[in-house]
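Engineer: First the structure, then my questions, so here it is.
The values are calculated or read from the model by the stated rules, or taken from the named source; none is laboratory data. These figures come from a predicted structure and were not determined experimentally. Glycine also receives a Cβ, built like all others from the backbone with ideal geometry; neighbour counts cover every protein chain displayed. Accessible surface is based on the protein model in full, side chains and every heavy atom, while ligands, DNA and RNA are left aside. Shrake-Rupley method; radii C 1.70, N 1.55, O 1.52, S 1.80 Å.
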Amino acid sequence: MTDAFQVSERRSVPPAEAFSLLGNELRVSILLELGDAKEGSQPRPLPFEELRRRCDVSDSGRFNYHLQELLDVFVREEGEGYGLLYPGVILYQAIKADSFTDRTTVEPFPVDADCPECDAELEATYRNSMLVVRCPDCGALAFKYHLPPGAIRSNDPDAVLSAANVYARRDLLTVASDVCPTCASEMYHDVVPDDEKSSELEQAMPGPAVVHHCSYCKNFFCTDLPEVLIYHPDVFPFVAANAPDLLTDSLWTVDVCDPDDIAVEGRDPLRVTLPLRAGDERLDVTVDRSLTVRDTERA
Ligand SMILES: [Zn+2]
Ligand SMILES: [Zn+2]
């Protein structure tokens, strides 16, 4: 293991302090103007006078007061002007993407795929920034994941479903390597066999469920075992070499492993083995309770 690096400063602004700074229309305007200011596609620092004019404030003293309040939390001084710090950029992008303000609801629309349980055509809904693909007949859940409202702007069902698939797959890729997709801290996993499932979410998963959680930002979600394992660094090369479509096709249509073939082979410690099929090849993968791959074997 390499030596830990030296942190020269580790400090944080109290959340209540940071958010109380934003309870003012002018300060939100300052953030938006600084975010909008570009030279080509690069951020361009804005000099004080230009920033004040863009915010349409004539009282220089009042304007300066509000600008100073944002300094070192969301805004920084850069050479001759002002620009956004990283928290300011995140906030700016979240505002532009309607993350705090969008309340779009989309009525059920058909998905070009059949229910794995009863063969009825699946349908999708979008509500509270969550895209859900479900069987209208038997109620089986095929997919459920948060999707920012930017994906819905096109009104094109295929584009929305494609974005949802890519967005979820991006997160599966990071999660399978133990990195939290929200905060980049370490992600932990709990493999939950059928007879230990407690929540509705765990029960909705075919075969063992995997609960992924981040102890830092408290991000948490649940997947089935095969969909995350195909992105595990010990398994990914096998899938990519033999059936790359499994890494890109819609998650609600992909079938890498029959849940009935997943075997709990030990309880203490837990060992779960799944036969993953990619093209004509098969890889038997054994994981423990923390989703560490204990064994892989070509069959
Ligand atoms: Zn069904
Ligand atoms: Zn996190």
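Engineer: Run the numbers for Asp137 and Ala240: contour at 0.36 nm per residue of separation, minus the present Cα-Cα distance, in nm.
Structural biologist: Gain on stretching Asp137 to Ala240: 33.6 nm.
Engineer: Give me the number: length gained by fully extending Thr174 to Arg298, i.e. 0.36 nm times residue separation minus the C-alpha to C-alpha distance, one decimal in nm.
Structural biologist: 42.1 nm
Engineer: Further question: Which semi-axis lengths, in whole Å and largest first, follow from the square roots of five times the eigenvalues of the Cα gyration tensor of the stretch 122-235?
Structural biologist: 23, 19, 13
Engineer: Given a 1.4 Å probe and every protein chain left where it sits, what share in percent of the accessible area of the stretch 12-96 is carbon and sulfur?
Structural biologist: Ligands and nucleic acids excluded, carbon and sulfur reach 50 percent.
Engineer: Considering only Leu21, Leu246, Leu34, give the residue with the highest GNM mean-square fluctuation for the chain, with springs between Cα atoms whenever their separation is below 10 Å.
Structural biologist: Between Leu21, Leu246, Leu34, it is Leu21 that shows the largest mean-square fluctuation.
Engineer: With angles folded into 0 to 90 degrees, how steeply does helix 25-36 sit against the dominant principal axis of the chain? Use alpha carbons for both and round to 10.
Structural biologist: For 25-36 against the chain, the angle is about 70 degrees.
Engineer: Assuming a viscosity of 1.567 mPa s and a temperature of 4 °C, what translational diffusion coefficient in µm² per second does Stokes-Einstein assign to the chain, Rh being the Kirkwood radius over Cα pairs?
Structural biologist: The calculation lands on 58 µm²/s.
Engineer: To the nearest 20 debye, what is the magnitude of the charge dipole of the stretch 12-96 about its Cα centre, counting +1 on the Cβ of each Lys and Arg and -1 on the Cβ of each Asp and Glu?
Structural biologist: Magnitude of the dipole: close to 200 debye.
Engineer: Let me ask another. What distance in nm lies between label points placed 7 Å from Cα along the C-beta direction at Ala18 and Asn155?
Structural biologist: It is 3.7 nm.
Engineer: Right, next: If you put +1 on each Lys and Arg Cβ and -1 on each Asp and Glu Cβ, how big is the dipole of the stretch 41-88 around its Cα centre, in Debye rounded to 20?
Structural biologist: Charge dipole, the stretch 41-88, about its Cα centre: 140 debye, nearest 20.
Engineer: I've got another one for you. Specify the longest stretch of the chain that does not include any exposed loop site, a site being one of the chymotrypsin sites (Phe, Trp or Tyr not before Pro) with a non-H, G, I, E, B DSSP assignment and at most 11 other Cβ atoms within 10 Å.
Structural biologist: Counting at most 11 other Cβ atoms within 10 Å as exposed, the longest clean stretch of the chain is 101-299.
Engineer: For the chain, with the dipole built from +1 on Lys and Arg beta-carbon atoms and -1 on Asp and Glu ones, taken about the Cα centre, which of Val13, Pro45, Val57 lies farthest toward the positive end?
Structural biologist: Positive-end residue among those listed: Val57.
Engineer: Find the centroid of the Cα atoms in the stretch 101-143 and in the stretch 152-168, then give the distance between the two in whole Å.
Structural biologist: Here the two parts' Cα centres lie 13 Å apart.
Engineer: Based on Cβ point charges of +1 for Lys and Arg and -1 for Asp and Glu, what charge dipole magnitude is obtained for the chain about its Cα centre, in debye rounded to the nearest 20?
Structural biologist: Dipole magnitude for the chain comes out near 1320 debye.
Engineer: Using the heavy atoms of the protein chains and a 1.4 angstrom probe, tell me the accessible area per residue for the stretch 41-100 in square angstrom.
Structural biologist: 61 Å²
Engineer: Okay, next question. Per Stokes-Einstein, at 4 °C and 1.567 mPa s, what whole-number D in µm² s⁻¹ belongs to the stretch 12-96, with the Kirkwood radius over Cα pairs as the hydrodynamic radius?
Structural biologist: Approximately 101 µm²/s, per Stokes-Einstein.
Engineer: In degrees from 0 to 90, rounded to the nearest 10, what is the angle of the helix 60-70 Cα long axis to the longest principal axis of the chain?
Structural biologist: That works out to roughly 30 degrees.
Engineer: Using +1 at the Cβ of each Lys and Arg and -1 at the Cβ of each Asp and Glu in the chain, identify which of Pro136, Ser29, Leu91 lies farthest towards the dipole's positive end.
Structural biologist: In the chain, that residue is Ser29.
Engineer: Among Ser20, Ser99, Ser177, which one shows the biggest mean-square fluctuation in a GNM of the chain, springs joining Cα atoms closer than 10 Å?
Structural biologist: Among Ser20, Ser99, Ser177, the largest GNM mean-square fluctuation belongs to Ser20.
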